[in-house]
Amino acid sequence: MGIPVPQRLNCIAVVPQGLEQAAAEELQELGASGLKTLRRAVGFQADLASFYRAQRRARLPFRLLRQLGSFPCRSREDLYWGVQRCIDWEPWLKPKLSLRVDATGSAPGLNHSHYSALQVKNALVDWQQQRWGERSSVDLEQPDLSFHIHLGGGQATLSIDGSGESLHRRGYRPRMGLAPLKENLAAGLIRLTGWDGSVPLADPLCGSGTLLLEAACMALKRHSGLDRSFALEQWPDFARTLWEQETASAEAEASDRALPAIVGNEMDGSVLEDARANSIGAGLEQVIQWQQGDCRNFVPPEGRGVLVCNPPYGERIGERDALEPLYSDLGAMVKERCSGWSLWLLSGNPELTGALKMKASRRIPVSNGGIDCRWLHYEIR
């Protein structure tokens, strides 16, 4: 038997740094309200249908958390007792369910996230021992219940992760090249370009194809959370009928409309095979054209369109001195052959992008795997 669900849930979306505003806009489109951009997160409110809808459709978050309770916290004891008393744990903490706790922030006597998480875990399993004489096991890889405690401003906020495995893992990408973009970051970058499937799209340095795959999925409304399970299905107030309605609605949105040319170019044949395999996994093998070749020889599709690329920037692949000619030649190719196009380039090294000899009209700060980057926009005259 389920338990009542609050009419409005207080929620947190954990997102890539730099995509907070874009993620807030996406969540608002999915029915969220009360949006507040934070660092690497977006706070929002949602009814249960909107929360389910976001789990199934949102492309930018890593995780979507539901807040269970908040309480004053200025000591270790406040944290321990506050966790035990913040909600009625009877329906939530069945000992057969495994759990995990993560912590962020700090409070007096609670300056280390590992210790704070341990204190919360102890509070939960001690409550179970007192109630049932047994306790949950801890599972750091695939827990049934994943809790998050955030400390700050004299308050503690306890949330539960509804997503389970990170939402950035779409399931279509068994094969990856070197230093691949995470799928949700790629989706956010595409969203920032404004590309909507009405003009051609090309990546002259496509690697394993993540930017193009995410773009095509977005344009065709192939929603990212349909072929996976979710932790929220274990919750005591899980509303199966509503969940199935939201799932069916998301599935019904998928389109087979014809898109303009989407072209991925990659010089390394083995990496290009990864891109092809990934497009098959995503059901996009007939949508994206893959071609092998040097970006210096790339010829864009006819008409005007959007170029996107994530060239190496000397942090993980290649040496900076060796990469400067690549950027110089990429800039020359774009200016020679892509007049009227728009170029978006992910830069982790301003010295290298200087070799393009082009002036960016926009510079959007983002973090790619901890590397401080800029999503640069150039209008090609």
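The values are calculated or read from the model by the stated rules, or taken from the named source; none is laboratory data. A quick note: this is a predicted structure, and the numbers were derived from the prediction, not measured. Methodologically, a virtual Cβ is constructed for each residue, glycine included, from the backbone with ideal geometry; neighbour enumeration extends over all protein chains shown.
From 77, 26, grab the single residue that is acidic (Asp, Glu) and under 14 Å from the mean Cα position of the chain (by Cα).
That would be 26, the only listed residue that is acidic (Asp, Glu) and under 14 Å from the mean Cα position of the chain (by Cα).
Give region 131-141 a look and list any residue that's in contact (Cβ under 8 Å) with a residue 24 or more places away in the chain and outside any strand (DSSP E or B), or say none.
Going through region 131-141, the residues in contact (Cβ under 8 Å) with a residue 24 or more places away in the chain turn out to be 131-132, 134-140.
Within region 131-141, 131, 132, 134, 135, 136, 137, 139, 140 meet the criteria.
Okay, residues lined up against (1) modelled with pLDDT of 95 or more; (2) among the acidic types (Asp, Glu); (3) assigned by TED's automatic domain parsing to the domain that holds residue 214:
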| residue | (1), (2), (3) |
| --- | --- |
| 21 | yes, no, no |
| 32 | yes, no, no |
| 45 | yes, no, no |
| 64 | yes, no, no |
| 70 | yes, no, no |
| 78 | yes, yes, no |
| 95 | yes, no, no |
| 101 | yes, no, no |
| 107 | no, no, no |
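Take the residues in region 330-381 that are within 25 Å of the chain's Cα centre (by Cα) and among the small types (Gly, Ala, Ser); name whichever of them is surrounded by the fewest Cβ atoms within 10 Å (Cβ to Cβ).
370
Of everything in region 102-119, what is under 21 Å from residue 63 (Cα atoms) and in a helix (DSSP H, G or I)? Give them in sequence order.
Of everything in region 102-119, those that are under 21 Å from residue 63 (Cα atoms) and in a helix (DSSP H, G or I) turn out to be 113, 114, 116, 117.
Keeping to region 167-209, report how many residues are modelled with pLDDT under 95 and hydroxyl-bearing (Ser, Thr, Tyr).
Qualifying residue count for the region: 2.
If we only count helices (runs of 4 or more DSSP H) wholly inside region 239-340, which ones have 1 or more residues that are in contact with a His (Cβ under 6 Å, 6 or more places away or on another chain)?
240-252
Consider residue 242 carefully, then state whether it is crowded, with 19+ Cβ neighbours inside 10 Å, in contact with a helix residue (DSSP H, G or I) (Cβ under 7 Å, 6 or more places away or on another chain), touching a residue at least 24 places away in the same chain (Cβ under 8 Å) and at negative phi.
no
Hey, does region 207-223 have a residue that's surrounded by fewer than 22 Cβ atoms within 10 Å (Cβ to Cβ), closer than 20 Å to residue 347 by Cα and either touching a residue at least 12 places away in the same chain (Cβ under 8 Å) or not basic (Lys, Arg) (or both)?
no
For region 131-162, give me each residue that is charged (D, E, K, R) and either under 14 Å from residue 82 (Cβ atoms) or surrounded by 20 or more Cβ atoms within 10 Å (Cβ to Cβ) (or both).
If the condition is that a residue be charged (D, E, K, R) and either under 14 Å from residue 82 (Cβ atoms) or surrounded by 20 or more Cβ atoms within 10 Å (Cβ to Cβ) (or both), then 161 is the only one that fits.
Looking at region 199-242, which of its residues are over 30 Å from residue 302 (Cα atoms), within 16 Å of the chain's Cα centre (by Cα) and small (Gly, Ala, Ser)?
The answer is 224, 225.
Can you pull out the residues in region 242-268 that are of a type in the set (A, V, I, L, M) and farther than 20 Å from residue 211 by Cβ?
242, 248, 250, 252, 254, 258
Tell me yes or no: at least one residue of region 9-23 is closer than 23 Å to residue 144 by Cβ and not hydrophobic (A, V, I, L, M, F, W, C).
yes
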